[in-house]
Amino acid sequence: MTLFAGFPSGKGLYVPVPEAFFTALLPQIEDTAELKVTLHLFWLLAQKKGDPRCVSDRELIADKVLLHSLKRKGDPRPPEERLQQGLDQAVARGTIFFNTNRSRKAVKELQGGEVVPVSMLNGEDEQVEGDNESTLSTSRGYDQAKHVQVEIERPNIFVLYEQNIGLLSPLLADELKDAADQYPAEWIEAAFREAVQHNKRNWSYIRAILRRWETEGRQAWNA
């Protein structure tokens, strides 16, 4: 761990963060990737001029500070994958909004109470007319979309571990990767859910569930 030198004294630049971030949003965020991406976006948007203020996906992918902050010791995933993970969760939560033809359509459907998958909001398939990159901004102005149901893509095993158990170690990361290759994603998600329900938040318990399902069959074990 590198010791922080402290905030500079005197007049410096400050980043405005809405009070609602601390009172309503922060208590809900469990994933560090989502938290870091959201805070970094506040910082980037504070440097922009005009209205609305937007950040392009190219800027995020090329942002060395952000990518460095998303690296995790023991996590084999590249920072670009954790960036996408953080963006997906922030979009699903309604914190940020991708400005593409598809996402504008998604917001209209959200306001109508429809269920919209995250893949429709991530801006990969369509682009803003007259531009070659997608842009995103905070979700001010889309308050009606905050309390609708959103289908989020199934999280991978690393995300499940971080959200339900804790930090990854290098050795455990390799074991999780092997488990992800060996068992169906549905089984892994169900095993994590089973462990949480029984307040057994550790990998040994989850691994035992998966091995038993593999031997006896999941349906037989749940009977």
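The values are calculated or read from the model by the stated rules, or taken from the named source; none is laboratory data. Keep in mind that what you see is a predicted model, and the values were worked out from it rather than measured. Note: ideal-geometry Cβ built from the backbone for every residue, glycine included; neighbour counts use all protein chains shown. Calculation scope for accessible area: heavy atoms of the full protein, side chains included, ligands and nucleic acids excluded. Shrake-Rupley method; radii C 1.70, N 1.55, O 1.52, S 1.80 Å.
Things to note:
- Positions within segment 61-79 being acidic (Asp, Glu) and closer than 14 Å to VAL37 by Cβ, in sequence order: ASP63
- Sub-6 Å Cβ pairs linking a first residue in segment 15-36 that is in a helix (DSSP H, G or I) to a second residue that is surrounded by 15 or more Cβ atoms within 10 Å (Cβ to Cβ) and small (Gly, Ala, Ser), at least 6 apart or interchain, are ALA33/GLY86; GLU34/GLY86; GLU34/ALA90; LYS36/SER69, ordered by first then second residue.
- Selection of segment 15-70 for residues being of a type in the set (Phe, Trp, Tyr) and open to solvent by 70 Å² or more (accessible area, probe 1.4 Å) yields PHE22, TRP43.
- Taken together, the residues in segment 4-30 that are of a type in the set (D, E, K, R) and in contact with a helix residue (DSSP H, G or I) (Cβ under 6 Å, 6 or more places away or on another chain) amount to 1.
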